[in-house]
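This report concerns only the one structure given below.
Coordinate-derived values only; no laboratory data. As the structure is a prediction and not an experimental result, all values here were calculated from the model. Note that each Cβ is placed from the backbone with ideal geometry, even for glycine, and that neighbours are counted across all protein chains shown.
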Amino acid sequence: MKIIITGGAGFIGSALVRYTVGQLGWTVLNIDRLTYAGNLSSLRDVADHPNYHFLKADIGDHSVIAQTIADFEPEIIFHLAAESHVDRSLEGPSEFIRTNLVGTYTMLESARKYWSTLPADKKSRFRFHHVSTDEVYGSLGETGFFTEETPYAPRSPYSASKAGSDHLVKAWFHSYGLPVIVTNCSNNYGPYHFPEKLIPLIILNALDHKPLPVYGKGDHIRDWLYVEDHVNAIVLAATKGIAGRTYNIGGHNERKNIEIVQTICDILDNFRPDADGSYRRLITFVQDRPGHDQRYAINADRIETELGWNAKETFESGIVKTIRWYLDNTWWWQPIREGKYAGERLGTIRNL
């Protein structure tokens, strides 16, 4: 199998590269612009593999992308390149519009041009797989779950840009026949996660004896999905899913944010005790994020029943693996903390 992965130096993208190259033996071209969250060290294990190739490029550069796709001749394009952090979208939405909307449009048009030249057998097998988020559905109340039929109701610049990109992908299927797959996932966690997101931020702040920031009352609820379970689902959807279909991917692991933080503290108390006392003493409640969605929860029945996917990790097993990884891999995260991002608060809205 020959595939292109956009955003393959990011968190989920690098996990997909490691899996497809290292375990499946596929030939992979990773296209990444290497913005602040792109990190080639996340691909250290496969960097020298003969089946792995890397191109530093902007997905918005139509001529480069179109020529690259034509030259590489992929059977599947996995489109993961995106700006993904809600807090950063509140501070600077323009980059989210440029990458998530315009970049997706460029990818679709380049893929359509290539796909249209293929012979019938290759044309029918080709897939453009767009990886998206459950945040496009907005906020749930105390009950209920997001399904593939849930109306879109994004409430942040990030989720609005991803909702728009989802609609573009589906429009290219209905208007032009481009065989697409869309997956919408719940919150991912695991190794190589850029430490602006909740779980790695709390782990590393605790190790640095810094405050552990919790928005509002900490009662916002998310469904957590271990990243390796997610990439297994992505590959299954792309290879076995029905063109034009959307598949929701969730971990069945709903937790309040405060419960996540407390769990991390308790595990660190066991793995790396602090002479000053429990890490829970560092928990600090801070002003809530503007427009903060209250609850996300995924109904993953479609991918489970139609394609036979099930998450292997519970939150209890996955969070232990994650914390152990951060304790054992200072080489990866220490340069980030010292250079790109030291754990400061993001998501405050400044006057224009």
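The aspartates and glutamates whose alpha-carbon is closer than 15 Å to the alpha-carbon of Lys217, local same-chain residues fewer than 8 away aside, are Glu259, Asp288, Asp293.
Evaluating 6.51 cos²θ - 1.76 cosθ + 1.60 at θ = phi - 60° for every residue in segment 205-216, the Karplus couplings come out as 5, 4, 5, 8, 6, 9, x, 9, x, 10, 5, x Hz, glycine and proline recorded as x.
Using the Karplus relation 6.51 cos²θ - 1.76 cosθ + 1.60 with θ = phi - 60°, the per-residue 3J(HN,Hα) values for segment 92-99 come to x, x, 4, 5, 6, 5, 5, 7 Hz, with x marking Gly and Pro.
A simple packing score, the average count of other Cβ atoms within 10 Å per residue, orders the peptides 27-37, 283-293, 297-307 as 27-37, 297-307, 283-293, with the highest score first. Value of Rg to Rh for segment 139-245, rounded to two decimals, is 1.03; Kirkwood radius and Rg both from alpha-carbon coordinates. Taking amide H as placed 1.01 Å from N in the peptide plane, Ile283 has its amide H under 5 Å from the amide H of Leu212, each at least 5 places away in sequence or on another chain. In order along segment 16-27, the Karplus-derived 3J(HN,Hα) couplings, from 6.51 cos²θ - 1.76 cosθ + 1.60 at θ = phi - 60°, round to 5, 4, 4, 6, 6, 7, x, 9, 8, x, 6, 8 Hz, and Gly and Pro are given as x. Amide H contacts for Ile181 (H built 1.01 Å from N in the peptide plane; partners 5 or more residues away or on another chain; cut-off under 5 Å): Phe128, His129, His130, Gly244.
In this structure, the amide hydrogen of Phe146, modeled 1.01 Å from its nitrogen in the peptide plane, lies closer than 5 angstrom to those of Ala297, Ile298, Asn299, counting only residues at least 5 positions away or on a different chain.
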